[in-house]
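Working notes, structure below.
The values are calculated or read from the model by the stated rules, or taken from the named source; none is laboratory data. Since we're looking at a predicted model, the values are computed, not measured. When we count neighbours, we look across all protein chains shown, and the Cβ atoms used for this are built from the backbone with ideal geometry, even at glycine.
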Amino acid sequence: MNKAQQGSPNSAGTVLFASLIGTTIEFFDFYIYATAAVLVFPKLFFPATDATAATMQSLATFALAFFARPIGSAVFGHFGDRIGRKATLVAALLTMGISTVIIGVLPTYHTIGTLAPVLLAMCRFGQGLGLGGEWGGAVLLATENAPPGKRAWYGMFPQLGAPLGFLLSGGTFLLLTQTMTDTQFFSYGWRIPFLASALLVIVGLYVRLKLTETPAFKKVLEKNERVKVPVLTVFRDHARALVLGTIIAIATFVLFYLMTVFTLNWGTTALGFSRKDFLILQLIAVLFFGLTIPISAVLADRHGRRETLIGVSAAIAIFGLMLAPLFGSGNTWVVAAFLVIGLSLMGMTYGPLGTMLSELFPAEVRYTGASLTFNLAGILGASLAPYVATWLAAHYGLKYVGYYLSASALLSLVALLLTAKTPARSVHS
């Protein structure tokens, strides 16, 4: 066992901050791309002959990362289950960070033509690889260090990185919108968030390099329980957990990317909101996303992860039926209420999700198993969600976007009902 693995146990503060700071950075990087995919890339990286086609092509590159994420899960999960959580988390953070910074210096379509969207797509793929390895490791860092009865509470700290990352990215774009003219913004301003992520990555690396290994992985080493190819073991011995876990997470992904990417696109086009006004509404609603994550963690530790997610999935299915009358109203206050309700439900489902998925797998394949379930759900639930929702809204109306959300929630609800109650595994196993 190496020195990092033999070091003194991580303090609670170090563990929680390290899991939180990493996912905050990762999601900041991920969301600045999502925002730019709607506001910037259609104008700068794709032919300007058809605005709608350019937006759809830009959203297609957004989707690309979700197909890279399971590959990242398999690659980083392999090393996370073989050499440890710490080194793998550092590598995942670097992969995501470097890809993001490169986007900030890419030449546009006007400069290099069709090579511009190709390079953009390659960087987006790199972002997906990094996030594919980041999320699972951060959740395990938290949950495998958790004391008895606090696993969902610890597991919600990396989940808080999502609203914090969104607030940072949305706030950055809002600040740029307020302080720059459109010419300045599209000339160089949009690059600032991508380049600034380098500073955040340095902070994240500093914190994570100070960590020691989790108790669960140390036990795997002591018992010599490491498997040669974790991804094959997951598919061979834990296929049911993999499939059900993936379906459980689908509603969470569909809900979030409808409430962020789709609503930003539709709100600033079909509903006539300005970019600034709609970003403000989203940022307010994201506060409720962050506030409901701790509430859901308390409920999950008290009543069970599965039981909490069953109730929230049913609520999301009902909320889908409200999407068209609320969001489609175009009224600022009604749209604001719609965003607050939707992102509050997002916090309630997202808070316990990481803990729930990690508990489906034993320690020797937990990094790979939890990461794969989460990121396969990203393909099914998020990668095409903005694209599908935009197509449904344009061809059949907003009510079919609501049906799409309700159907995904019912699918997750069925998977939860088919899943046994949360396994009573020790935090160190």
> For residues in the stretch 85-106 being under 24 Å from Leu384 (Cα atoms) and among the β-branched types (Val, Ile, Thr), which is surrounded by the fewest Cβ atoms within 10 Å (Cβ to Cβ)?
Replying inline: Thr95
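Rundown of residues vs (1) at pLDDT below 95; (2) closer than 20 Å to Asp182 by Cβ, yes/no style:
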{"position": "Phe262", "(1), (2)": "yes, no"}
{"position": "Thr268", "(1), (2)": "yes, yes"}
{"position": "Leu279", "(1), (2)": "yes, yes"}
{"position": "Leu291", "(1), (2)": "no, no"}
{"position": "Asp301", "(1), (2)": "yes, no"}
>> If the requirement is being of a type in the set (D, E, K, R) and more than 30 Å from Ala363 (Cα to Cα), which of these qualifies: Arg275, Arg306?
In response: Arg275
>> Based on this model, can you work out whether Thr61 counts as of a type in the set (Ser, Thr, Tyr), assigned to a helix (DSSP H, G or I), closer than 16 Å to Gly22 by Cβ and in contact with a helix residue (DSSP H, G or I) (Cβ under 6 Å, 6 or more places away or on another chain)?
In response: no
> Would a scan of the stretch 195-202 turn up a residue that is more than 23 Å from Phe76 (Cβ to Cβ), surrounded by fewer than 16 Cβ atoms within 10 Å (Cβ to Cβ) and in contact with a Gly (Cβ under 6 Å, 6 or more places away or on another chain)?
Replying inline: yes
> Within the stretch 226-255, which residues are surrounded by fewer than 23 Cβ atoms within 10 Å (Cβ to Cβ) and over 22 Å from the mean Cα position of the chain (by Cα)?
Replying inline: Arg226, Val227, Lys228, Val229, Leu232, Thr233, Phe235, Arg236, Asp237, His238, Ala239, Arg240
> What are the residues in the stretch 47-84 that are touching a Ser or Thr at 6+ places or on another chain (Cβ under 6 Å) and buried (at least 24 other Cβ atoms within 10 Å of the Cβ), if any?
Replying inline: Phe66, Ser73, Phe76, Gly77, Gly80, Asp81
> When Ala142 is evaluated against the numbered criteria (1) under 24 Å from Ser371 (Cβ atoms); (2) assigned to a loop (DSSP other than H, G, I, E, B), which criterion, by number, is the only one it fails?
Replying inline: (2)
>> Condition first: modelled with pLDDT of 95 or more and among the small types (Gly, Ala, Ser). Now tell me which residues in the stretch 398-429 satisfy that.
In response: Gly402, Ser406, Ala407, Ser408, Ala409, Ser412, Ala415
> Out of all the residues in the stretch 274-297, is one or more free of Cβ contacts under 8 Å to residues at least 40 places away in the same chain and farther than 18 Å from Gly165 by Cα?
Replying inline: yes
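Yes or no, residue by residue, for (1) aromatic (Phe, Trp, Tyr); (2) part of a helix (DSSP H, G or I); (3) surrounded by fewer than 20 Cβ atoms within 10 Å (Cβ to Cβ):
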position	(1), (2), (3)
Trp266	yes, yes, no
Gly272	no, no, yes
Leu279	no, yes, no
Ala285	no, yes, no
Ala297	no, yes, no
Val312	no, yes, no
>> I'm told Val207 meets every condition in (1) under 24 Å from Gly136 (Cα atoms); (2) modelled with pLDDT of 90 or more except one. Can you identify the failing condition by its number?
In response: (2)
> Lys228 passes all but one of (1) part of a loop (DSSP other than H, G, I, E, B); (2) under 30 Å from Val286 (Cβ atoms); which number fails?
Replying inline: (2)
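Please count how many residues of the stretch 174-192 are of a type in the set (A, V, I, L, M, F, W, C), under 24 Å from Thr111 (Cα atoms) and within 25 Å of the chain's Cα centre (by Cα).
The initial filter retains those residues of the stretch 174-192 that are of a type in the set (A, V, I, L, M, F, W, C), namely 174-176, 180, 185-186, 190, 192.
Subset that is under 24 Å from Thr111 (Cα atoms): 176, 180, 185-186, 190, 192.
With the extra rule that they be within 25 Å of the chain's Cα centre (by Cα), the set shrinks to 176, 190, 192.
The qualifying residues number 3.
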> So which pairs qualify, if the first residue must be in the stretch 373-394 and more than 14 Å from Leu244 (Cα to Cα), the second must be among the hydroxyl-bearing types (Ser, Thr, Tyr), the Cβ gap must be under 7 Å, and the two must be at least 6 apart or on different chains?
Replying inline: Ala382/Tyr257; Ala385/Tyr257; Pro386/Tyr257; Val388/Tyr404; Ala389/Tyr404; Leu392/Tyr400; Leu392/Tyr404
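Do we have Thr368 as part of a helix (DSSP H, G or I) and over 27 Å from Ser73 (Cα atoms) here?
Working: part of a helix (DSSP H, G or I): yes; over 27 Å from Ser73 (Cα atoms): no.
No, not satisfied.
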